[in-house]
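Since the structure comes first, as structure tokens, the remarks are kept for the end.
The values are calculated or read from the model by the stated rules, or taken from the named source; none is laboratory data. Given the structure is predicted, the values throughout are model-derived calculations rather than measurements. Neighbour counts are summed over all protein chains in view; Cβ atoms, including those assigned to glycine, are modelled from backbone coordinates with ideal geometry. Surface areas here come from the heavy atoms of the whole protein model, side chains and all, with no ligands, DNA or RNA. Shrake-Rupley method; radii C 1.70, N 1.55, O 1.52, S 1.80 Å.
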Amino acid sequence: MPAAESRLTGKRVLVVEDEALVTMLLEEGLIDMGCEIADTASRLDDALEKANSLLFDVAILDVNLHGQKTFPIAEVLSSRGIPFVFSTGYEASSLPLSLQQAPVLQKPFQQQDLEQALGTALGV
Amino acid sequence: MVEEQDVYAIGDALQHVAVADPLAALDFGFDAKHLRQLLDALPVAVYTTDAAGLVTYFNQAAADLAGRRPALGTDEWCVTWKLHLPDGTPLTHSECPMAIALTENRSVRGVEAVAERPDGTRVPFMPFPTPLRDENGELVGAVNMLLDISEHKKAERRLRQNEAWLAGQKEAFQAAMNGAPLEKSLGILIETAMKQAESERRCAFYIANPEGTELRHVVGMPDGYVKCVDGLKIGPGSLPCGLAVHRGEPVIMPDVLEEPVWEPWAWLAREFDFRGCWSFPIETASGKVVGSFAMYFKEPNGAADRDRELAAALAHTASIIISRHQESLERERISQALRESERNLAAELAAARHLQSISTSLIREGDVEALYAQIVEAAGEVMHSDMASIQVLDHENDALRLIAHKGFDAEAEATWRWIEHDDATSCGHALKTKTRIVVPDIEADEFMACTPAQEQYRKAGIRAVQSTPLVGRAGHSLGMISTHWRMPHEPSERDLRIFDVLARQAADLIERKESEDALQRRAAQLRLLLDELNHRVKNTLATVQSIAHQTLRHAPTMAEGRKSLDARLIALSRAHNVLTREHWEGANLRELVAEALAAYSNGSGPRRFDVSGNDIRLLPKAGLAISMALHELATNAVKYGALSNENGHVRIRWGGGEDAQLFRLEWSEIDGPPIEQPRRLGFGSRLIKHGLAQDLGGVVELHFEPDGLVFAIDAPLKELCGGDDKPHPRPLDDRWER
């Protein structure tokens, strides 16, 4: 499906997700929205390194990566001023208080949920 | 007996008739002869002297009194042999009342003197010397009458003795009435008796014990003697005191050295210097023998009436005093018992109230720590102890953990935080034996002697301790409740009875707390489990969503799309089955492979799969990823590869790679139709190439070789199997061809 022009066109996205199939779903959805995939990561150390070094506009963070919480990545992103969206199967209330204002994408999700969450994060 | 006034009358008559006034004498109707007969017949001693004091006449009674026959005309002044004043001072005859009457020419009255007979006996008497004068009033002589007053004197002494005895008795009664101890009141009796005694002796009182089996010395004998005879048995073979009590009649031993029964005690009699020993039972009005009175004489002595009388009087008085004393003791004992029982009742009531308040708190109070504190406080009160503690049994460590205490200092608290069951402390011992341990004195306890526990108790200032196991309703050990005293102490049965109620409450509290904790733990586990389930379901749904989305998106037709989607969901479901069988703790790769390929293995047809690899357990996630990849490979093989013709087959192998930390799995298709590189990557290929690589953190090879598809993945074992402690897979066998 050709990418239609949207408010998210051209936004570079870092996808942090440990479930390959979900990563693939996110990738496809993002491409459909006209975004570019800056990179994907499924492990905390890898994701931390990419969050620190890559250039991108927004990140989607799975809260739980192989049993490890991705909150340190969120902190890195906050310090870099890069917005992010949490994706999780857990309740939003399980997030620490300081991170509860971040948009949350509840799995499973619809395309418009993804778009809305990213739009909220980016303020567009 | 001649009365005093008679004596005076006779004296007056004599004055007139004897010498001086014959006329007057005649008036009385006497002549000299008659007079002499009269005087001779008088039972009163009468004698006369001339003016010089020489004895001129004496009657028989005078000779009897003097114990001699005076020499008429020679003996001067008096008929007696020797004279004394009543106080015993010698009195010469020239100073005697008769001499005074003659020299001073006057009658002497109202004096007493003592005559000593030649045989040494003495007679107290009263003289009545009277001068005799002639008609001219010239002194011609004197007449004297000596009145024997020894009976009078004896009666007087007797009277004095009786008075003293009455006074002593009165004093003793008074002392007894005033609540003086028996030693004092009976001591007064002894003192009184001793004062009246004519010979050297000792007196003593003994009292029987309530059982009537032994005698105890009350007063009279010196300590050394008391030490030897105190606790003397009452019975037929006993010494006189015991024997007198046993028989209920006096036992008189004139000389103990002559008595066979005294033989073993002869040394005692010698040491305390007595020979005669008399014992008199003391009977109460009701006839009960309560003790004995004893007299010990320095010289051998048989019982004289006077002494028997004295002893009887003493025993009687003593019986009244002892009865009174015992009654007052009994009254005191009863009132003390009453006070004691009132005190106990009050204490029991207070304890019951306390226990009730704890029961109420147990029902209402949520703060368990506060309840433990309340229980140790109550334990201290119920047991009157200085300290108290509760411990719970920690089942993991099989040791007692201190949860509340009263009165321990910081050091004691630290020392006894944990107690092992083989510890020499009372609680360790009680835990081991499952019974209450009471140590009334840690210094006198054999079990505790020279143990570190004893030293710990000393340091904490504990001298006595008690530990009671807390037992659950089902009979299992829950903990320990202990009380500690600074002084040696043996808790009473009553205290322990109340304490056991408290222990029951403490045990119930601990049991309740333990089940509440277990319930909370289970609830928390359940919450975690539900959270995890939710997370897993959501993730699985996201996976399914992804599969559906991409399958349908790339399907040439809806029918084909639906078919592929079904197949993929079923593959996913089968993998889940394997994982569920293993409780989602892992999956055996061999089983996963069998499950993934089951749909493609035609049971009756030729063998299409050549599978080799050892048992290796994969993490659930890795298991799912490999299952899905195998499904895609198999589907592709059926459509385009080795399984699309009659002869093709697939070789699947896995095992350790060159590096022991690596795992390798291969899929190679053989004897299939020639294949070509697909024009674009479908979902299946992407799932294998990217998805699997991502999920396993490994490197995937996927080659569309003309003679068959070759797939391989190399992944770190750690990603597949989790920790390093998993057994490494066998290396791939040498049939492997690169």
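Return one whole number: the accessible area per residue of chain A in Å², for a 1.4 Å probe.
Working: 5300 Å² over 124 residues.
It amounts to 43 Å² per residue over chain A.
Below 8 Å, C-alpha to C-alpha, sequence gap of six or more: please give me the relative contact order for the range A:32-122 in percent.
Rounded, it is 24 percent for the range A:32-122.
Compute, for the range B:381-521, the length of the dipole vector about the Cα centre, with Cβ point charges of +1 (Lys, Arg) and -1 (Asp, Glu) only. Units Debye, rounded to 20.
It comes to approximately 340 debye.
Treat each spin label as a single point 7 Å out from the Cα along the C-beta direction, and report the B:Leu257 to B:Arg331 distance in nm.
About 4.9 nm, to one decimal.
Can you tell me how the protein assembly as shown classifies by the Cα gyration tensor, rounded, prolate or oblate, using a/c under 1.5 as the rounded cut?
Taking the square roots of the gyration eigenvalues as a ≥ b ≥ c, the protein assembly as shown is prolate.
If every alpha-carbon in the range B:96-177 counts as one equal scatterer, what log10 I(q)/I(0) does Debye give at q = 0.18, 0.25 1/Å?
Listed by q, the Debye log ratios stand at -0.82, -1.09.
Which whole-angstrom value gives the distance between the alpha carbon centres of the range B:636-685 and the range B:550-593?
18
Looking at B:Ile442, B:Ala503, B:Ile481, which one has the Cα that reaches farthest to the positive end of the dipole of the range B:381-521 (charges on Cβ: Lys, Arg +1; Asp, Glu -1)?
Looking along the dipole axis, the top candidate is B:Ala503.
Pairs of Cα atoms under 8 Å, at least six residues apart: use those to get the relative contact order of the range B:639-681, whole percent.
After rounding, I find 44 percent.
Residues of the range B:513-533 that become at least 10 Å² less accessible with every protein chain present than in their own chain isolated, using 1.4 Å: which are they?
Buried by 10 Å² or more upon assembly, which counts only protein chains, are B:Asp531, B:Glu532.
Does any residue of the range A:19-46 lose at least 50 Å² of accessible area with all protein chains in place compared with its chain alone, and if so which ones (probe 1.4 Å)?
Residues of the range A:19-46 that lose at least 50 Å² of accessible area once the other chains are added: A:Glu19, A:Ala20, A:Leu21, A:Met24, A:Leu25, A:Glu28, A:Arg43.
Cut-off 17 Å, label point 7 angstrom out along Cα-to-Cβ of B:Arg527: give me the residues of the range A:79-114 whose amide nitrogen falls inside.
A:90-97
Quick one: if the Förster radius is 22 Å, what FRET efficiency do B:Ala155 and B:Glu191 give, using the C-beta to C-beta distance and rounding to 0.05?
In this case the efficiency is close to 0.35.
I'd like the per residue volume of the convex hull spanned by the Cα atoms of the range A:12-122, given in cubic angstrom.
Value for the range A:12-122: 87 Å³ per residue.
Enter the Cα centre distance for the pair the range B:444-486 and the range B:69-147, rounded to the nearest angstrom.
For the range B:444-486 versus the range B:69-147, the Cα centre distance is 99 Å.
What are the residues whose amide H is under 5 Å from the amide H of B:Ala45, where those residues sit 5 or more places off or on another chain and H is modelled from the backbone?
B:Leu146, B:Asp148
Enter the accessible area per residue of chain B (Å², integer; probe 1.4 Å; all protein chains in place).
52
Measuring from label point to label point, each 7 Å out along Cα→Cβ, what is the B:Thr433 to B:Gln661 span in nm?
If labels sit at B:Thr433 and B:Gln661, their model points lie 6.1 nm apart.
Can you work out the FRET efficiency for the pair B:His476 and B:Asn534, with r the C-beta to C-beta distance and R0 = 56 Å, to the nearest 0.05?
For B:His476 and B:Asn534, the calculated efficiency is 0.90.
Taking a 1.4 Å probe, which of B:Tyr47, B:Tyr600 shows the most accessible area, and what order do the others take after it?
Descending order: B:Tyr600, B:Tyr47.
Taking the alpha-carbon centroid of each part, what is the distance from the range B:376-422 to the range B:278-345 in angstrom?
55
Which value, in square angstrom to the nearest 100, describes the accessible area buried between chains A and B on both sides, using a 1.4 angstrom probe?
On the way: alone 6470 and 39150 Å², together 43350 Å².
Interface between A and B: roughly 2300 Å².
Dipole of the range A:1-116 (Lys/Arg Cβ +1, Asp/Glu Cβ -1, origin at the Cα centre): which of A:Ala38, A:Gln101, A:Thr23 lies farthest to the positive side?
A:Gln101
Would you grab the residues whose amide H sits under 5 Å from the one on B:Leu54? Only those 5+ places off in sequence or on another chain, please, with H modelled 1.01 Å from N.
Long-range HN contacts for B:Leu54: B:Trp77.
I'd like the antiparallel share, as a percent to the nearest 5, of DSSP beta bridges with both residues in chain A.
Here the share of antiparallel DSSP bridges comes out near 10 percent.
Within 13 Å, Cβ to Cβ, of B:Leu215, how many net charges do the neighbouring residues add up to if Lys/Arg are +1 and Asp/Glu are -1?
-1
So what J values fall out for the range B:467-477 if you push phi through Karplus, 6.51 cos²θ - 1.76 cosθ + 1.60 with θ = phi - 60°, rounded to Hz, Gly and Pro as x?
10, 10, x, 9, 10, x, 4, 8, x, 8, 5
Can you tell which of B:Leu243, B:Ser357, B:Leu329 lies farthest toward the positive end of the dipole of the range B:242-367, using +1 and -1 charges on the Cβ of basic and acidic side chains (Lys, Arg; Asp, Glu)?
B:Ser357
Under unit Cβ charges (Lys, Arg +1; Asp, Glu -1), what dipole magnitude, rounded to 20 debye, does chain A have relative to its Cα centre?
340
If the only charges are +1 at each Lys and Arg Cβ and -1 at each Asp and Glu Cβ, what is the size of the charge dipole of the range B:42-130 around the Cα centre, to the nearest 20 debye?
Numbers: 7 positive and 10 negative charges, 30 e Å.
Here the size comes out at about 140 debye.
Tell me, what ³J(HN,Hα) does each residue in the range B:520-530 have, in order and in whole Hz, if you take phi through Karplus 6.51 cos²θ - 1.76 cosθ + 1.60 with θ = phi - 60° and put x for Gly and Pro?
So the Karplus estimates, Gly and Pro as x, are 5, 4, 5, 5, 5, 4, 5, 4, 4, 5, 5 Hz.
How many lysine pairs in the range B:555-721, separated by 8 or more positions in sequence or lying on different chains, have Cα atoms less than 23 Å apart?
Number of lysine pairs found: 6.
Amide H of A:Val85: which non-local residues (sequence gap of 5 or more, or other chain) have their own amide H closer than 5 Å, using H built in the peptide plane?
Here the answer is A:Ala59, A:Ile60, A:Leu61, since their amide H atoms fall under 5 Å of that of A:Val85.
FRET efficiency for B:Asn162 and B:Ala304, Cβ-Cβ distance as r, R0 = 22 Å, nearest 0.05?
0.80
Carbon and sulfur together cover what percent of the accessible area of the protein assembly as shown at a 1.4 Å probe radius?
The value for the protein assembly as shown is 53 percent carbon and sulfur by accessible area.
Quick one: which bits of the range B:593-642 get at least 40 Å² less accessible when the partner protein chains are in, versus the chain alone, with a 1.4 Å probe?
Relative to the lone chain, where solvent access is computed with a 1.4 Å probe, the range B:593-642 loses at least 40 Å² at B:Lys621.
What does the charge count around B:Pro90 come to, taking other residues whose C-beta lies under 14 Å from its C-beta (Lys +1, Arg +1, Asp -1, Glu -1)?
Overall, the nearby charge balance is -1.
Taking a ≥ b ≥ c as the square roots of the eigenvalues of the Cα gyration tensor of the range B:156-332, is the shape rounded (a/c under 1.5), prolate (a/b larger than b/c) or oblate? Each step should come with its number before you reach the end.
Working: a/c = 1.74, a/b = 1.15, b/c = 1.51.
Cα axes put the range B:156-332 in the oblate bin.
Can you show me the helix-derived [θ] at 222 nm for chain B, built from DSSP H runs with n ≥ 4 at -39,500 (n - 2.57) apiece and divided by the number of residues, rounded to the nearest 500.
That calculation yields -15000 deg cm²/dmol at 222 nm.
Note down the relative contact order for chain B as a percent, whole number, built from C-alpha pairs under 8 angstrom at least six residues apart. Present the calculation step by step, with values, prior to reporting the outcome.
Details: 1252 pairs, mean separation 36.7, N = 738.
Here the relative contact order equals 5 percent.
Between B:Glu340 and B:Arg458, what length comes free when the chain is fully extended (0.36 nm per residue of separation minus the Cα-Cα distance, one decimal in nm)? Display every interim value, and only then the final one.
Working: separation 118, 0.36 × 118 = 42.48 nm, distance 3.28 nm.
Extra length from B:Glu340 to B:Arg458 when fully extended: 39.2 nm.
On a straight-distance basis, which lysines could pair with B:Lys434 in a cross-link, Cα separation under 22 angstrom, same-chain partners fewer than 8 positions away excluded?
B:Lys513
Can you work out the PRE-style zone for B:Leu139? Point 7 Å along Cα to Cβ, and I want the residues of the range B:56-77 with backbone N under 20 Å.
Of the residues in the range B:56-77, B:56-57, B:73-77 have backbone N under 20 Å from the label point off B:Leu139.
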